[in-house]
1. For residues in segment 57-74 being touching a Ser or Thr at 6+ places or on another chain (Cβ under 9 Å), open to solvent by less than 30 Å² (accessible area, probe 1.4 Å) and at pLDDT 90 or above, which is nearest to Asn170 (Cα to Cα)?
2. Limited to segment 42-56, what total is found for residues that are crowded, with 17+ Cβ neighbours inside 10 Å and under 19 Å from Gln142 (Cβ atoms)?
3. Output the residue which, of all residues in segment 169-188 that are in a loop (DSSP other than H, G, I, E, B) and within 18 Å of the chain's Cα centre (by Cα), is surrounded by the most Cβ atoms within 10 Å (Cβ to Cβ).
4. Any idea which of (1) in contact with a Pro (Cβ under 9 Å, 6 or more places away or on another chain); (2) closer than 25 Å to Phe28 by Cα is the one Asp176 doesn't satisfy?
5. Which of the residues that make up segment 92-103 are surrounded by fewer than 17 Cβ atoms within 10 Å (Cβ to Cβ) and in a loop (DSSP other than H, G, I, E, B)?
6. Condition (residue is at pLDDT 95 or above, under 26 Å from Val53 (Cβ atoms), in contact with a Gly (Cβ under 7 Å, 6 or more places away or on another chain) and not small (Gly, Ala, Ser)) applied to segment 157-172: is it met by at least one residue?
7. Among the listed residues Lys118, Lys125, identify the single one that is over 19 Å from Thr196 (Cβ atoms) and open to solvent by 60 Å² or more (accessible area, probe 1.4 Å).
8. Specify the residue that is nearest to Asn170 (Cα to Cα); the eligible residues are those in segment 128-152 that are assigned to a loop (DSSP other than H, G, I, E, B) and open to solvent by less than 20 Å² (accessible area, probe 1.4 Å).
Amino acid sequence: EYSYRYGGLSPNQARRYTVEYVARFKEFDGQLFRFDTRIYLEKFNENVEGVCVGSIIGKNPGSAAPTELDQLRPLVLNGDKMLPTVGARFLQGYNLAGKAVPSNAYVRVWNLFYICNKDLGEAIKIASAFNPLPTCPTEQKQTPIVWFGWGGNNASLNKFKDRFIRRKFNKIFFYDHHAKMIVSNTPSESDFAKHTQGMPAEPVNMHLAKIV
């Protein structure tokens, strides 16, 4: 049975790990933005510099909420399933590869835009009104692995994809929803880079095991 609570890990597997989620929330013009989102593959230690082992690119932050503004702090998931799922895929990738998870490892979350709103249509309207639209400073950093998970062709979202499509990354992949397979290329605007919701775990686990 798939457990959304643990991102697909069984309760026994989940007990072996202490995954934590942290981010830096800021307000611009009355709108809440979520930056520097990290999925720690062990307990978060704010006194130790973390090690980024990969990134995933999604649409926008949904329902996760801050515990404090302007500081890198643990966040409240509020039913957000993407973050636990991504953490579980990386943990299982390391497990299948027979490799230890690096100390203080985390997966970085980038978004097409960073406005916190679970209503995507409303979030797109708000994002489109910003000029310029604030983006996460960590987008300028390199990361070992980039997983594209922003969904399919969407005329309202495509304009936000370009800055990532133009970037040169090292190890890249997405799960092609139409082809039902992992593709090791940057998706185009029209490709269906499957979001984690409803995505089969095994192909991602197996692929990550080869590249972590």
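The values are calculated or read from the model by the stated rules, or taken from the named source; none is laboratory data. A quick note: this is a predicted structure, and the numbers were derived from the prediction, not measured. Every residue, glycine as well, gets a Cβ built from its backbone with ideal geometry; the counts of neighbours run over all protein chains shown. When the accessible area is computed, the model is the full protein with side chains, heavy atoms only, and any ligands, DNA or RNA have been set aside. Shrake-Rupley method; radii C 1.70, N 1.55, O 1.52, S 1.80 Å.
1. From segment 57-74, those touching a Ser or Thr at 6+ places or on another chain (Cβ under 9 Å) are 58, 61, 64, 73-74; that's our starting set.
Okay, now just the ones that are also open to solvent by less than 30 Å² (accessible area, probe 1.4 Å), so 58, 61, 64.
Now drop any that are not at pLDDT 90 or above, which leaves 58, 61.
On the way: Gly58: 18, Pro61: 25 Å.
Across segment 57-74, the extreme among qualifying residues is Gly58.
2. From segment 42-56, those crowded, with 17+ Cβ neighbours inside 10 Å are 42, 44, 50, 52-56; that's our starting set.
Keeping just the survivors that are under 19 Å from Gln142 (Cβ atoms) gives 50, 52-56.
Final tally of qualifying residues: 6.
3. Going through segment 169-188, the residues in a loop (DSSP other than H, G, I, E, B) turn out to be 169-170, 177-180, 184-188.
Next, only the ones that are within 18 Å of the chain's Cα centre (by Cα) stay: 169-170, 177, 184-187.
Working: Phe169: 16, Asn170: 10, His177: 16, Ser184: 11, Asn185: 11, Thr186: 19, Pro187: 25.
Per the criteria, the residue is Pro187.
4. Single failed check for Asp176: (2).
5. Across segment 92-103, the qualifying residues are Gly98, Lys99, Ala100, Pro102, Ser103.
6. For segment 157-172, residues at pLDDT 95 or above, under 26 Å from Val53 (Cβ atoms), in contact with a Gly (Cβ under 7 Å, 6 or more places away or on another chain) and not small (Gly, Ala, Ser): absent.
7. Values: Lys118 fails: over 19 Å from Thr196 (Cβ atoms).
Result: Lys125 is the single residue among Lys118, Lys125 that is over 19 Å from Thr196 (Cβ atoms) and open to solvent by 60 Å² or more (accessible area, probe 1.4 Å).
8. Residues of segment 128-152 assigned to a loop (DSSP other than H, G, I, E, B): 130-136, 141-144, 149-150, 152.
Pick out the ones that are also open to solvent by less than 20 Å² (accessible area, probe 1.4 Å) and you get 136, 143, 149-150, 152.
Working: Cys136: 20, Thr143: 8, Gly149: 17, Trp150: 19, Gly152: 23 Å.
Here the residue is Thr143.
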